[in-house]
1. Just one of the numbered conditions (1) crowded, with 17+ Cβ neighbours inside 10 Å; (2) over 30 Å from Arg133 (Cβ atoms); (3) among the hydrophobic types (A, V, I, L, M, F, W, C); (4) within 20 Å of the chain's Cα centre (by Cα) is not true of Ala235; which one?
2. Somewhere in the range 2-23, is a residue open to solvent by less than 100 Å² (accessible area, probe 1.4 Å), polar (S, T, N, Q), closer than 21 Å to Arg129 by Cβ and within 17 Å of the chain's Cα centre (by Cα)?
3. Select from the range 91-123 the residues that are of a type in the set (Lys, Arg) and part of a helix (DSSP H, G or I) and write down the one among them that is least open to solvent (accessible area, probe 1.4 Å).
4. Based on this model, can you work out whether Ser78 counts as open to solvent by 40 Å² or more (accessible area, probe 1.4 Å) and not in a helix (DSSP H, G or I)?
5. Return only the number of the condition from (1) open to solvent by 60 Å² or more (accessible area, probe 1.4 Å); (2) over 30 Å from Ala135 (Cβ atoms); (3) assigned to a loop (DSSP other than H, G, I, E, B); (4) not aromatic (Phe, Trp, Tyr) that Lys229 does not satisfy.
6. Would you be able to say whether some residue in the range 200-212 is in contact with a Lys or Arg (Cβ under 6 Å, 6 or more places away or on another chain) and either farther than 22 Å from Leu24 by Cα or of a type outside the set (Ser, Thr, Tyr) (or both)?
7. For the range 156-181: of the residues being basic (Lys, Arg) and in a loop (DSSP other than H, G, I, E, B), which is least open to solvent (accessible area, probe 1.4 Å)?
8. Can you tell me how many residues within the range 238-266 are part of a helix (DSSP H, G or I), in contact (Cβ under 8 Å) with a residue 24 or more places away in the chain and surrounded by fewer than 17 Cβ atoms within 10 Å (Cβ to Cβ)?
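The values are calculated or read from the model by the stated rules, or taken from the named source; none is laboratory data. All figures in this text were calculated on a predicted structure; none of them were measured in a lab. Note that we place each Cβ from the backbone using ideal geometry, even for glycine, and neighbour counts take in every protein chain shown. What goes into the accessible areas is simple: the full protein's heavy atoms, side chains included, and nothing from ligands, DNA or RNA. Shrake-Rupley method; radii C 1.70, N 1.55, O 1.52, S 1.80 Å.
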Amino acid sequence: MTKHLEANFKHQNPDRVGVLLVNLGTPENPTPSAVRKYLAEFLWDSRVIDYPRPLWWLILNGIILRIRPRKVAQAYASIWTDAGSPLLVNTKVQGERVAGRLDLKYGDQVTVEIAMRYGNPNIEQALLRLRERGARRLLVLPLYPQYSGSTTATVFDAVALALKKFNWLPELRFINQYHDHPSYITALASSIREYWNTNGVGQHLLFSFHGLPKRYLTEGDPYHCQCHKTARLVAKELNLTDVDWSVGFQSRVGREEWLRPYTDEVLLDFAAD
């Protein structure tokens, strides 16, 4: 393992705070080969899919990575922009705006970088850039409001693995979740109101969160409960009654039961009603 040495260190250099914003990740291009590379990294993470490794290796490499990349690439191509992946484009804008806000308040005492958990820009390189700019205190903010071992904890794993190569570790603060932070709730409610003001208020508000296997909940993962709390607090902020809103979970994979209710089934129920 190659160590990252403090080659440019000088005692008179000021210490800065480094802020690392981490999002999930994206293929570099909307092509089957790029999607295959991205899915291979993402789905091999044992926190994302916790099946026994030999069995999962056979399923992943023998079935999933042979079938899904072409279909998924078509989905990516349908949303791809001239500037690239929407997730990466929007994360860059978030990073720039966070940096701008912090610069107004703290000047050059704080420096901001973005990274993707899977794909590029990667976490190790982002940490190196922060260190080169004098960051001796590090704040890591995974951009997952609700905590899950399959998302937030994987960021911690990657940060810890990267920092194993640092001879001089920065002081570290890691934000686990902000699912019920008042500013986050207000921001969500404001976004919904803005949409309503432009497009009109619908009959019902559906909060659709990404799903997880149900057993993650029974094993103690707080994600399901935190999603419900976020939805409840936003509904309260919007002065909605209990019959005006509901929660669903989307994007399930495989045959085992995932968090319910499933968003696609909820939508069919709406149509039937």
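1. So Ala235 meets the others, but not (4).
2. yes
3. Within the range 91-123, the first condition is being of a type in the set (Lys, Arg), and the residues that meet it are 92, 97, 101, 105, 117.
Okay, now just the ones that are also part of a helix (DSSP H, G or I), so 92, 97, 101, 105.
Working: Lys92: 100, Arg97: 169, Arg101: 183, Lys105: 151 Å².
Among residues in the range 91-123 that are of a type in the set (Lys, Arg) and part of a helix (DSSP H, G or I), the one least open to solvent (accessible area, probe 1.4 Å) is Lys92.
4. Numbers: open to solvent by 40 Å² or more (accessible area, probe 1.4 Å): yes; not in a helix (DSSP H, G or I): no.
In short, no.
5. Unmet for Lys229, out of (1) open to solvent by 60 Å² or more (accessible area, probe 1.4 Å); (2) over 30 Å from Ala135 (Cβ atoms); (3) assigned to a loop (DSSP other than H, G, I, E, B); (4) not aromatic (Phe, Trp, Tyr): (3).
6. Step one: of the range 200-212, the residues in contact with a Lys or Arg (Cβ under 6 Å, 6 or more places away or on another chain) are 211.
Those left that are additionally either farther than 22 Å from Leu24 by Cα or of a type outside the set (Ser, Thr, Tyr) (or both): 211.
Scanning the range 200-212, I find at least one residue that is in contact with a Lys or Arg (Cβ under 6 Å, 6 or more places away or on another chain) and either farther than 22 Å from Leu24 by Cα or of a type outside the set (Ser, Thr, Tyr) (or both), so the answer is yes.
7. From the range 156-181, those basic (Lys, Arg) are 164-165, 173; that's our starting set.
Those left that are additionally in a loop (DSSP other than H, G, I, E, B): 164-165.
Details: Lys164: 123, Lys165: 45 Å².
Looking at the filtered set, the residue picked out is Lys165.
8. Applying the first criterion (part of a helix (DSSP H, G or I)) to the range 238-266 yields 242-244, 263-266.
If we keep only those that are in contact (Cβ under 8 Å) with a residue 24 or more places away in the chain as well, we get 244, 263, 266.
If we keep only those that are surrounded by fewer than 17 Cβ atoms within 10 Å (Cβ to Cβ) as well, we get 244.
Adding up the residues that qualify gives 1.
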